Amino acid sequence: MSDAIVRMENIEKHFGNIVALSGVSFDVRPGECHCLLGDNGAGKSTFIKTMSGVHKPTKGRMIVSGKEVVFDSPREAMDAGIATVYQDLAMIPLMSVTRNFWMGREPTKGWGPFKQLDMKKAEQVTMSEMKRMGINLREADQAVGTLSGGERQTVAISRAVYFGAKVLILDEPTSALGVRQTASVLATIDRVRKDGIAVVFITHNVRHAMAVGDRFTVLNRGKTYGTSTADKITASELQDLMAGGQEMVELEGSLGGTV
Amino acid sequence: MSDAIVRMENIEKHFGNIVALSGVSFDVRPGECHCLLGDNGAGKSTFIKTMSGVHKPTKGRMIVSGKEVVFDSPREAMDAGIATVYQDLAMIPLMSVTRNFWMGREPTKGWGPFKQLDMKKAEQVTMSEMKRMGINLREADQAVGTLSGGERQTVAISRAVYFGAKVLILDEPTSALGVRQTASVLATIDRVRKDGIAVVFITHNVRHAMAVGDRFTVLNRGKTYGTSTADKITASELQDLMAGGQEMVELEGSLGGTV
Amino acid sequence: QDGEAPTIVVVTHGQANDPFWSVVKNGVEQAAKNTGANVSYRAPETFDMVAMSQLIDAAVNQEPDGLAVSVPDADALRQSIERAVAAGIPVITLNAGADVSKDLGALLHVGQSEYEAGRRAGERLAELGGTNGICVNQEVGNVSLDQRCEGFAEGFGNTTEVLPTTNDPADVEAKVRAALQSNGEIDTILALGAATAGEPSVAAVESLNRLDDVNIASFDLSANFLQAVADGKADFAIDQQQFLQGYLPVSFLNLDARYGLMPAGDVPSGPNFVTQDNAQQVIELSSQGIR
Amino acid sequence: MTVETADKDERLKESSFVSQLLKRPELGAIAGVVAVTVFFLFTANPVMFSLSGVLNFLTPAAQLGILALGAALLMVGGEFDLSVGSMVAFTGLVFGVALTVFQLPLLLAIAMTFAVAGLFGLVNAEIVLRTGLPSFIVTLAFLFILRGLSLVGLKWATNGSTQLRGIRESVENDWLAPVFSGRAFTGLFEWMAGNGWIEAFSNGKPKVDGIPVEILWFVGLTLILTWVLLRTPAGNWIFAAGGDANSAKNSGVPVRRVKMALFVLTACCAALVAILTVLDAGSTDARRGFQKEFEAIIAAVIGGCLLTGGYGSAIGAFFGSIIFGMVLIGLTYTQIDQDWYQVFLGGMLLIAVLFNNIIRKRVTGER
Amino acid sequence: MTVETADKDERLKESSFVSQLLKRPELGAIAGVVAVTVFFLFTANPVMFSLSGVLNFLTPAAQLGILALGAALLMVGGEFDLSVGSMVAFTGLVFGVALTVFQLPLLLAIAMTFAVAGLFGLVNAEIVLRTGLPSFIVTLAFLFILRGLSLVGLKWATNGSTQLRGIRESVENDWLAPVFSGRAFTGLFEWMAGNGWIEAFSNGKPKVDGIPVEILWFVGLTLILTWVLLRTPAGNWIFAAGGDANSAKNSGVPVRRVKMALFVLTACCAALVAILTVLDAGSTDARRGFQKEFEAIIAAVIGGCLLTGGYGSAIGAFFGSIIFGMVLIGLTYTQIDQDWYQVFLGGMLLIAVLFNNIIRKRVTGER
Ligand SMILES: Nc1ncnc2c1ncn2[C@@H]1O[C@H](COP(=O)(O)OP(=O)(O)OP(=O)(O)O)[C@@H](O)[C@H]1O
Ligand SMILES: Nc1ncnc2c1ncn2[C@@H]1O[C@H](COP(=O)(O)OP(=O)(O)OP(=O)(O)O)[C@@H](O)[C@H]1O
Ligand SMILES: [Mg+2]
Ligand SMILES: [Mg+2]
């Protein structure tokens, strides 16, 4: 498919004697939400970290907008339009929402040695972007540490979107959230996707994936089980793929199949 | 009901100007799994922390095995048979599984000044208890930091069970886990319950709750919405209760109701 | 030169970066050069009697042909020095320890009693008309400095007080100024180190415009303080001629090792007062670390 | 961290503007200044709070403060530098040698001093960043190394003395000298004294003939660094690097460069102190800056910096240094036996920090 | 922390017994001892590694080491104590006063010294635990306070001097004295020298007439504390308290009591060093123990303790102190000019720590 905005080919990644990824291929297109699923330790985070320039792949090619690239730093991936919301959010709890929102890309005014932060603009944009996502901040200099988990996710997502991400990678944005907040994050993903942004959504909750996903790729122990589209697979098939099948059946039996 | 092993009556808890709990009543009986549900910040963790002696209630009574008690420390709650597996697990990543397992209740041999850790016994018990829970440790002095999330939960649970808990409190044991590991934790809960231990299971995943719960109590903003038994309530009713109802319906509509 | 070059070890209590002791060390090195002996100079990194006794032990283990030590605390160093004497190593004491030198089994002492020097300085300052003095101590707890202050109190006779400061010239200057401001009676300042305490004291007095009515003296020499003496801003500096305390023991021990020659009595290296009359000629030598 | 919500919640009071203001890290230090001032108002000779008395304790406070500002920024950025004290001695030597041995003009000598300081800052940073060793232990090694090099260098430069002098003479007519030494606004002060507005000696000379330049540098640097920290992208990066280096890196903050710059800044602050004090004293010796690293850290901590990084302020370090300077010099103005000086220093530090802590907890409702 | 699985995974090599062994925290320190030994074998007078030479550098190592052991346990428990150096001076004073002024028998004097040390340890602990202030800053205040009190106390006890003497005389015939001072096994050594089995001076006296008791104390304490740390519940609690105080508390570990005990232990280690050195020297003065707190922390860090707590060992501190002692005394056996001493000290520290770090990373495959 030539319309993929990011295509990863046969990515391998070794950490010393640990093989975290052993040949994973994957692509994502504008306007779609591609879900990456897998059990703990499957290599999901490692995979998207190579995609966003945190790790360099041990082997394999990476093609962005048709050109092969090698990212030396997260910065370069960002400049190429790949924005990532990490599992640990990449936010500094002690810093204000505004400062976190702009971290690494602060708006400035003035020139030369007098170039300084344009705090007014920064706060305005933050407040209005957060409002767009449905969150009313008490004040823009509220510390991130005082936000709820869902709010933090939303800050991270809206930050990525605001800075013109073409590809938005979300690493387990819903794992720590309650129902209402999960719903609001999923709604955000939906909104972002409709704006024409390519979304990579990592989760191990099949239901969350089914709610917003267009395509699904399942990782297991550093290998991919292949990709399928939303209409070709059911929730329970996906579940089986992730869990590895047989063991799961037994367990579900004993518990009434409600997991 | 007079057969409750722990009964909490009208518990209130204030933190400075924050009212975390405003009058919550709750009880749990041997051999049942009582689920405590609620959105983020509902006060679930705060509630069970008062139950396990971490916080002292600002108001309200606590009755254990028919006697009113006041716990001054987690230690006292433990001695009364109330064991808690905290959301943050209360484990030290740098320490070995065995040392974590026995932390605070180390087995000793010898006497007087020569009393020392009985490491052999400690390791044996740990290995066998872990095996009972279905986990084969590579070595007993493996650091907890190297275990997966599900394994850590299991260590914490088996520790509590081993030390003769009459009441086992689990604070969101499944939130960070993959499907397979979740299933194994739920199976563990089931097993423990069948041994006649009273289980308090906190989660905001309704499906996990329905899988093992006998009774359900929903907390919302420091208040309880009442308790109902498994046969009187459906998953979707529970979901509605937790999320607060109306908003949720809208969101589910736009996302296809799969959350 | 006949025979094998003798090995001589010098162990003192003064740190290598202390201006006073660096002059001693220069004396040692000069003597080493002149005599051709193998000389090494050692001192603990802080005023530390325990560490110093260990350094003496380390030296004795190497069985040198001569050992020169300063003895600021005879109790603490007694065992180590007696061990050297027992091992048959000729020992000379220098700088501190004149009173215990013989008792420890040392051959002789080169130096001057700190207490005595302080007393002489005090007497001299009292003669200049001082009635209320402060003793500026830049290293509180260093026993030899304390002895200087005690001697000063004894010799001065009138009111004296110790002003503890740090090693930092800005702190010293500010504290001296503060002392002068809060007690207008103070008319005499004795600094215990020329560079660290003496120079800032002069600066403090100068900034208060009281050079005329405050007498300043300092132990040891530094070129800038000597300049102040020459300019009449300060009154005098007390010179132990510590270069000799380094030079003489080494050359005595060298002569002892080669020819068995040794003077019969202690050598008083000071005190020697540097005043306005002779300050100018000392400055150059001082800036080279000889005086 | 558990996820705790703080929505617009009916269970939470709104925070007032005043309590907002009081949440600033420097608050405790300001409270400390007030407490110490009150203490000395009651115990010390009133001359301490005259113009000359104030300038008298501000001078050492300024010299310490310039170091504390560097230390504070570095601590906000998540690192320590224990070598600043030795760096003062070493750069003082470099500066002195440049002037007296190489006979460079002042401008070049200053440039060379900063260059050397920057170089060692980079070395510290490289080792810390490359190896991942705690900066505490790496810079502790440089504490010894630089102190030792100062001694060796001094002896080499002077042919055996540990004091290098003649520095004032060599810059006597340099146009740049007044920027780094002496007092500023002397004309103004003389004029004020002439009018009897400020204290003067009986001969009409003003008791204070100007403001020591280090105080101006100190104030200027505080303003600049406060501005950098709060009003520039670089400031944001410093907080981010100290708050969570990994998250910051992932967000595109050049953490490596930020930390390097901070180590260089700290070293350059030490160099500035060296230049100021060497020009002031006209000489330098091997013991300059002894233990200043700890005083700088203490001042920064009193000023509200967290030892764990990510939180603090330059203005806090400013007040922290002033507290330190007041305690250091203030006791001399009291009737308290000077032997008790260290006891009081420690006691007042403890009280200042405790006070700082109590105020912060009160105000922020922290538990 | 993100949950990362490390099941029995086909993607992971089994770790061998050797690499298990090498994962111990003290490994780096042992490697450091080897490296330093090799260095001195090439550069120093061979006398350094004779029996007398070894005992000579072990004596300061032992005195530092006893402090480092306390510091190491406290660091494992998650706290610092910067007041140990001053504590040595202060408890030395208390001990001296008990003997010479109060004329107490040695046993009572020792008991009193430990009691005073324990009391100050408790005060440190109380302040740290009550206020939640970092122990770094609280104990820094006590660094000054205790140093100041030592000075004041000495002057009081001696009527104005800063040196208290005559201690050896006052214990001359005490039965307990040989336990805390002098050398052990002297008879054995004389006999060995007589038989020519160990070195003697040219006049026949043995170069070494026994093993200094501090070395025995040091070794004994290392063994006991290693045993406590690894083989007792208390040891488990120390690791737990330092690893995560909150989790430990929730698991029923008496964190408060553990930390208090550790502060008391550290203070008592300082008291022991004070007793040993004061009896050895027969005198005490106001500068005893100066800067020993940093040396102790360095030794503990070289020995593999993490500054962040929860990881470390007593045996590591043991070897760390030996490295320190070797460098300290070793340089005097070389031809290196004393002026370069600090440069070498810093350089060797840096190399030891770097080496330590590299080895650990190599072995554990840490990134
Ligand atoms: N920096 C690293 N060094 C060594 N091993 C690593 C590193 N990062 C990840 N791993 C290992 O690689 C494997 C894959 O980890 P990864 O974090 O990518 O899993 P994941 O699918 O994101 O799991 P989770 O659902 O728990 O987030 C794990 O075995 C992990 O221990
Ligand atoms: N120690 C505390 N001090 C002040 N407020 C607290 C404290 N602990 C909890 N709270 C507040 O009390 C409320 C309830 O928190 P709690 O942690 O009990 O929620 P929860 O139901 O466990 O949420 P989650 O699902 O995120 O774990 C929250 O608003 C929280 O901010
Ligand atoms: Mg992951
Ligand atoms: Mg909770």
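The values are calculated or read from the model by the stated rules, or taken from the named source; none is laboratory data. In this text the structure is predicted, and so the values were computed from the model without any measurement. With ideal geometry, Cβ positions are generated from the backbone for all residues, glycine too; neighbour counts draw on all protein chains shown. SASA here: full protein model, heavy atoms, side chains in, ligands and nucleic acids out. Shrake-Rupley method; radii C 1.70, N 1.55, O 1.52, S 1.80 Å.
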Packing-ranked peptide list from E:285-291, B:54-60, highest mean Cβ count within 10 angstrom first, is E:285-291, B:54-60
Dipole magnitude (debye, nearest 20) for the range E:25-364, charges at Cβ of Lys, Arg, Asp, Glu:
680 debye
So, by mean Cβ neighbours within 10 angstrom, what's the order for E:316-327, B:123-134 with the highest one leading?
E:316-327, B:123-134
Give the B-E buried accessible area in Å², both sides summed, 1.4 Å probe, nearest 100.
2800 Å²
With all protein chains present, the range E:99-225 has a carbon and sulfur share of its accessible area (1.4 Å probe) in percent of 66 percent
HN-Hα J in Hz across the range A:219-234 - Karplus 6.51, -1.76, 1.60, θ = phi - 60°, x for Gly and Pro
9, 8, 6, x, 10, 9, 8, x, 10, 9, 8, 4, 7, 9, 9, 9
Suppose only helical runs count, i.e. DSSP H with n ≥ 4. What mean residue ellipticity at 222 nm does that imply for chain B under -39500 (n - 2.57) per run, divided by all residues and rounded to the nearest 500 deg cm²/dmol?
-10000 deg cm²/dmol
Going by amide H atoms built from the backbone, whose H comes under 5 Å of the H on A:Lys223, apart from near neighbours?
A:Ser22
Accessible area buried between chains E and D, both sides summed, probe 1.4 Å, in Å² to nearest 100
3600 Å²
Given charges at Cβ of Lys, Arg, Asp, Glu: chain A dipole, positive-most of A:Met95, A:Ile48, A:Thr188:
A:Met95
Inter-part gap, Cα centre of the range B:59-85 to Cα centre of the range A:32-72, in whole angstrom, is 50 Å
Shielding by partners, peptide B:150-163 (average Cβ within 10 angstrom, other chains):
1
Return the average number of partner chain Cβ atoms within 10 angstrom of each residue Cβ along peptide C:285-291.
4
Could you sort C:124-131, A:21-28, E:47-54 so that the peptide with the highest average Cβ count within 10 Å comes first and the rest follow in order?
A:21-28, E:47-54, C:124-131
With x for Gly and Pro, the residue-by-residue ³J(HN,Hα) of the range C:128-142, computed from phi through the Karplus equation 6.51 cos²θ - 1.76 cosθ + 1.60 at θ = phi - 60° and given in whole Hz, is 6, x, x, 10, 9, x, 10, 10, 7, 9, 8, 9, 4, x, 6
Based on DSSP H assignment, which helices of chain E show an axial Cα extent of at least 30 Å together with a mean Kyte-Doolittle hydropathy greater than or equal to -0.5?
E:51-76, E:106-131, E:135-158, E:255-281, E:341-364
Add -39500 (n - 2.57) for each DSSP H run of 4 or more in chain C, then divide by its residues: what number comes out at 222 nm, to the nearest 500 deg cm²/dmol?
-14500 deg cm²/dmol
Which residue fluctuates the most in chain D, going by a Gaussian network model with Cα springs under 10 Å, if the choices are D:Thr139, D:Thr232, D:Thr91?
D:Thr232
Could you state the accessible area per residue of the protein assembly as shown in Å², with a 1.4 Å probe and every protein chain left in place?
36 Å²
For the range A:52-58, Karplus couplings with θ = phi - 60° (6.51, -1.76, 1.60), whole Hz, Gly/Pro x:
9, x, 6, 9, 9, x, 5
Show the residues, 5+ positions off or on another chain, whose built amide H is closer than 5 Å to the amide H of C:Thr160.
C:Gly133
In terms of the alpha carbon gyration tensor, root eigenvalues a ≥ b ≥ c, rounded if a/c is under 1.5 and otherwise prolate when a/b exceeds b/c or oblate, the range A:32-95 is oblate
Comparing E:Thr113, E:Thr37, E:Thr266 in a Gaussian network model of chain E (Cα, 10 Å), the one with the largest mean-square fluctuation is E:Thr37
From largest accessible area down, sort D:Glu190, B:Glu9; use a 1.4 Å probe on the protein chains.
D:Glu190, B:Glu9
Average beta-carbon neighbours from other chains, 10 Å sphere, peptide B:196-204
1
Leaving out ligands, DNA and RNA, what percent of the accessible area of the range A:63-169 is carbon and sulfur, probe 1.4 Å?
52 percent
Projected onto their principal axes, the Cα atoms of the protein assembly as shown stretch, largest extent first, over whole-Å spans of 109, 87, 65
May I ask you to derive the relative contact order of chain B, considering only C-alpha pairs under 8 Å and at least 6 residues apart, and to give it as an integer percent?
27 percent
Most mobile listed residue (E:Val258, E:Val88, E:Val38) in chain E, GNM with C-alpha springs under 10 Å
E:Val38
Before anything else, pin down the relative contact order of chain E: Cα pairs under 8 Å, at least 6 apart, normalised by residue count, whole percent.
37 percent
Is the shape of the range D:25-364 best called rounded, prolate or oblate, per the rule: a/c under 1.5 gives rounded, else a/b larger than b/c gives prolate, else oblate, with a ≥ b ≥ c the square roots of the Cα gyration tensor eigenvalues?
oblate
Between the chain alone and the structure with every protein chain in place, find the residues of the range D:336-359 that drop at least 30 Å² of accessible area; heavy atoms, 1.4 Å probe.
D:Gln338, D:Asp339, D:Trp340, D:Tyr341, D:Gln342, D:Val343, D:Gly346, D:Leu350, D:Val353, D:Leu354, D:Asn357
Can you tell me how the range D:248-367 classifies by the Cα gyration tensor, rounded, prolate or oblate, using a/c under 1.5 as the rounded cut?
oblate
Work the Kirkwood hydrodynamic radius out for the range B:1-124: mean of 1/r over every pair of different alpha-carbon atoms, inverted, in Å.
16.7 Å
Check which residues have an amide H placed less than 5 Å from D:Ile198's amide H, if you skip close sequence neighbours.
D:Ala193
Show me the helices of chain B, taken as full DSSP H stretches, that run 18 Å or more along their long axis by Cα and average -1.0 or above in Kyte-Doolittle hydropathy.
B:149-162, B:179-194
Once A and B are treated as a pair rather than alone, how much accessible area drops out, both sides summed, in Å² to 100, probe 1.4 Å?
2700 Å²
